[in-house]
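Asker: Would you mind keeping the following structure in view while I ask a few things?
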Amino acid sequence: MNRKQLTFFVTINKLNDELALQEGGLLSLKIPKQWQKPDPNIKNPALWVCHLPDNSLGIVYISLYPTELIIGEKMENYSEEELKKYGYEENSQLIYLYKGTLEPNGENDKERFYRCRLKLQEKKEEETKSSDSGARVIVFLIIVFVIIGVIAASGGFN
């Protein structure tokens, strides 16, 4: 895969919960129910996650949420320039993550159909989230000290 944006057509079988991913008209991948595992993430659990064996789409990981799909591609044989561009180091054992919103695309008695445009996520996004939470803690502490200062100045600590 290794592109900035992907478009997949997703089919969910209502009878056996089997998921089929199709990219364009050529490549498809079926994920049977027995491959699907509960998500161990308790903060934001997916409906299920799946680590896949080698396949024609190059996908190694899928996480399905009610309205979102996350797909992971193992980083192999990419140039150092390409890896650095997205914030990864060469020979990293990480995966490229693609995230996208599931857009309903019809259904029948047996299946639900979705279209999903996935965008490549940069590693720097994770670092930004952690620095954002650090900034929130600092702002909270400043507010607490201001409140304590106001109380002290008004004679509240006698």
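Asker: Please find, within the stretch 140-154, the residue that is modelled with the lowest pLDDT out of those that are of a type outside the set (Val, Ile, Thr) and under 35 Å from the mean Cα position of the chain (by Cα).
Answerer: So, considering only residues that are of a type outside the set (Val, Ile, Thr) and under 35 Å from the mean Cα position of the chain (by Cα), the one modelled with the lowest pLDDT is 140.
Asker: Among the listed residues 74, 110, 85, which satisfies the condition of being in the same structural domain as residue 40 (by TED's automatic domain parsing) and at pLDDT 85 or above? Lay out the reasoning, then the answer.
Answerer: Values: 74 fails: at pLDDT 85 or above; 85 fails: at pLDDT 85 or above.
None of the others qualify; the one that does is 110.
Asker: Which one is modelled with the lowest pLDDT among residues in the stretch 4-31 that are surrounded by fewer than 13 Cβ atoms within 10 Å (Cβ to Cβ) and more than 16 Å from the chain's Cα centre (by Cα)?
Answerer: Checking each candidate, the answer is 26.
Asker: Take the stretch 11-64 and flag every residue that is more than 25 Å from residue 108 (Cβ to Cβ) and of a type in the set (Phe, Trp, Tyr).
Answerer: 61
The values are calculated or read from the model by the stated rules, or taken from the named source; none is laboratory data. Remember, predicted model here, so these are calculated numbers, not experimental data. Reconstructed Cβ throughout: ideal geometry from the backbone, glycine too, with neighbour counts over all protein chains shown.
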